[in-house]
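Here the structure comes first, spelled out in structure tokens, and everything after it is commentary.
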Amino acid sequence: MRVREALPLVSMLALTALVAACATSAPGASADSQFASLDSSPTFYADVVPILQQNCQVCHMENGQNLGGMVAPVAFTSYDTTKEWAPRIARAVRTRQMPPWDAALAHKGDFSNERVLEDSEIATLLAWAQSGTPAGDPADAPPPLEFDMATSGWSIGEPDLIVQLNEPYLVADDVEDQYINFDVEITAEQLPEDRWIKAVEFRAGSSAVHHVIANPIGGIAPGVEPRVFPDGYGTVLRKGTSVSFNMHYHKEPGEGTAVWDQTSVAIVFYKPGEIIEHVVEGDDLGMFRFEIPANDANYSFHTEVTLDKDVNILWMLPHMHLRGKAALYEITLPGGEKETLLDVPTYDFNWQHTYALTEPVFAPAGTKIDLTLWWDNSAANPHNPDPNRSVRFGRPTTDEMGFGFLSYTQVEPQRFVAGEEIPAELAGRSVVGGGN
Ligand code: HEC
């Protein structure tokens, strides 16, 4: 049932250098028993650097990626710093807390933007940390990675358009949760004509940004990645659009906690002459009528939609708040065949991942999509602000939400040429995931 057509991988980041896969071996060290032990002791330059380059540095570097306010605390680019952090690296990879990714391991390979270490890579990092963090020979290291953001400051590359709050806004000392709206006009000078969007990257202007919904461009929540459409996929941005930034600021209140914020969003457009074959659209599978009892550790709620046309499903993004626990997307084909699209057994509010299917999943008209979400409203949930209160849908982080964003396209390719006039009915569709 997977579609044969090859979808270019959603490249989450434009890396300017590709990295060679790593090989490991050197004598003596014992790794954690859970992971295969190595018959040799890995060194930093030969064995650890390649793993860090491929899996960590995109965030753990100077000016690393800011994913909706999630900024890595340390750069793993030098031997000295990495060595200092070795015990914490070992713990973070053993527990699979790092790299951040919450889909069940059974999905390995399903998602083009997955961040999953091989068991052998975990074993290498553990062995290195436990065998005195040997440096080895710098000549064995692959060349340092260069990321686009080191030059342009944006991981999507040089933006064609940057839209930002008109002026910095002070998130005051006493603010814990604040919702505020800013309208920003895109001027005729900034955008003289309608364009096809290729990539979108939000930049939180301060650590107080919890999420931004910027209709019709998209939005960010903690841990959401920049959105880079595969070649030929896009949405439309109309000239003269007014972008409405719905800001949610969240921080500890108190004297001296005020911060200035001037959040911005950068957009890369298709260049004139490039072809767009797939217009991306979406559904939110919203749940609004749930009520999570006080102290309930495993409350679940379910919703479903039935598709009225054939689509190719592209990506998913479950969204809950602090009590969010797990998410499950299932599809049932008109013939009754059922498949799990996405299983997130341990939802983490701080990491609202987009799960971008490596191959789009074909879902014919009549397919039923089931979304089940679970919440933990017990004291055992370390994020729970108050287990003794029943919780319903609400905007503050301390209330709950339940969404299963889903993005898809029409199955039959269409043909739009960037630079030519864009049909009116394609206006202003907002898509959630990979940047919204
Ligand atoms: C997508 C961005 C991203 C990637 C990729 C990533 N990290 Fe992190 N890392 C973070 C952020 C943000 C934090 C701080 C917040 C947190 O702990 O969740 C963090 C925290 C850490 C910490 C501190 C945890 C603690 O509190 O003790 C360690 C250690 C770490 N990362 C190691 C790694 C290693 C090793 C890799 C690669 C195998 C990696 N990270 C990949 C973003 C990332």
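FYI, it's all coordinate maths here, none of it is from the lab. These numbers come from a predicted model, not from an experiment. Quick reminder, even Gly has a Cβ in these numbers, built from the backbone with ideal geometry, and neighbours come from all protein chains shown.
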- Query: In debye to the nearest 20, how big a dipole does the chain give about its Cα centre with +1 on each Lys and Arg Cβ and -1 on each Asp and Glu Cβ?
  - Reply: 480
- Query: What FRET efficiency, computed as 1/(1 + (r/R0)^6) with R0 = 45 Å and r the Cβ-Cβ distance, is obtained for Ala104 and Trp260, rounded to the nearest 0.05?
  - Reply: 0.65
- Take the Cβ-Cβ distance between Glu189 and Glu339 as r, set R0 to 60 Å, and report the resulting FRET efficiency rounded to the nearest 0.05. 0.75
- Item | Cα→Cβ-extended label distance, 7 Å offset, between Arg238 and Arg289, nm | 3.3
- Listed residues Ser120, Pro143, Pro99: farthest to the positive end of the dipole of the stretch 62-203 (Cβ charges): Ser120
- Note on the structure: Per residue, the convex hull enclosing the Cα atoms of the chain spans a volume in Å³ of 160
- Item | Positive-pole candidate from Gly282, Tyr249, Ala294, dipole of the chain, charges at beta carbon | Ala294
- When Ile162, Ile369 are arranged by how many other beta-carbons sit within 10 Å of their Cβ, fewest first, they go Ile162, Ile369
- Give the angle, between 0 and 90 degrees and rounded to the nearest 10, that separates the Cα long axis of helix 119-130 from the longest principal axis of the Cα atoms of the chain. 50
- Counting helices only, and only those DSSP H runs with n ≥ 4, report the 222 nm mean residue ellipticity of the chain as the sum of -39,500 (n - 2.57) divided by its residues, in deg cm²/dmol to the nearest 500. -2500 deg cm²/dmol
- Item | Lys, Arg +1 and Asp, Glu -1 on Cβ, resulting dipole of the stretch 279-412 about Cα centre, debye, nearest 20 | 460
- Item | For the stretch 166-271, the Rg and Dmax computed from alpha carbons only, in angstrom | 15.2, 50
- Query: With r defined as the distance between the Cβ atoms of Arg392 and Asp119 and R0 fixed at 35 Å, what FRET efficiency is calculated, to the nearest 0.05?
  - Reply: 0.25
- Query: Which Rg and Dmax, in Å, describe the Cα atoms of the stretch 44-145?
  - Reply: 13.5, 38
- Query: Which entries in the list Lys198/Lys251; Lys251/Lys325; Lys271/Lys368; Lys108/Lys271; Lys239/Lys271; Lys325/Lys368 go over 26 Å, if you measure between the two C-alpha atoms of each?
  - Reply: Lys198/Lys251; Lys271/Lys368; Lys108/Lys271
- Could you put Asp376, Asp308, Asp160 in order, starting from the residue whose Cβ has the fewest other Cβ atoms within 10 Å? Asp308, Asp160, Asp376
- Item | Directionally averaged projected area (convex hull, Cα atoms, the stretch 222-325), nm² | 11.5
- Item | Three-way shape call for the stretch 99-148 based on the alpha-carbon gyration tensor, with the a/c threshold at 1.5 | oblate
- Between the stretch 374-398 and the stretch 335-365, what is the C-alpha centre distance in whole Å? 25
- Query: Considering only DSSP beta bridges with both partners in the chain, what is the antiparallel share in %, to the nearest 5?
  - Reply: 95
- For Lys309, put the label point 7 Å out on the Cα→Cβ axis and report which residues of the stretch 355-374 keep their amide N under 15 Å from it. 363-367
- Message: Tell me which of Asn388, Asn312, Phe111 sits at the most positive position along the dipole axis of the chain, charges placed on C-beta atoms (Lys, Arg +1; Asp, Glu -1).
- Response: Asn388
- Rg and Dmax of the stretch 279-412, Cα atoms, in Å? 15.5, 51
- Given +1 on the Cβ of Lys and Arg, -1 on the Cβ of Asp and Glu, and no further charges, what dipole in debye does the stretch 44-145 carry about its Cα centre, rounded to the nearest 20? 320
